[in-house]
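Worksheet: one structure, shown below.
Read the figures in this text as sums done on the coordinates, not as results from a lab. The structure presented is a predicted model; accordingly, all values stated were derived computationally and were not measured.
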Amino acid sequence: MIIENEPPTGWHWVAVTLAGAVAVLWRVIVSFVKSDMQKTQREHSSAIAELKSSNAELRTRSDACEEDRANIRVELATVKTELDIIKSRE
């Protein structure tokens, strides 16, 4: 027990120093974890942006392919009609 006018004992200084060291260590750990979380969040945001861009590009390609398919169907129908006309003349 510490009396007001008496200087603290050696154990008191050890406890205070240890508590200070733990507090500093805790702040360093929290700072590191925060920094790592922010870095991870930036990486995830970047990856999400890339995926969105890639998805938009794939949709554009898909739309173009769908348009090509429709054109091929029209051409095929035209060829079939012409073939039927040729067959009917024979």
Computed [θ] at 222 nm, deg cm²/dmol, the chain (DSSP H ≥ 4; -39,500 (n - 2.57); rounded to nearest 500): -34000 deg cm²/dmol
Per residue, the convex hull volume that the Cα atoms of region 29-89 enclose (Å³): 45
Among 52, 34, 80, residue whose mean-square fluctuation peaks in a GNM of the chain (springs only between Cα atoms under 10 Å): 80
Candidate lysines for bridging to residue 52, where Cα separation is under 25 Å - those fewer than 8 sequence places away on the same chain excluded: 39
0 to 90° range, to nearest 10: angle between helix 10-89 axis and the chain longest Cα axis: 0
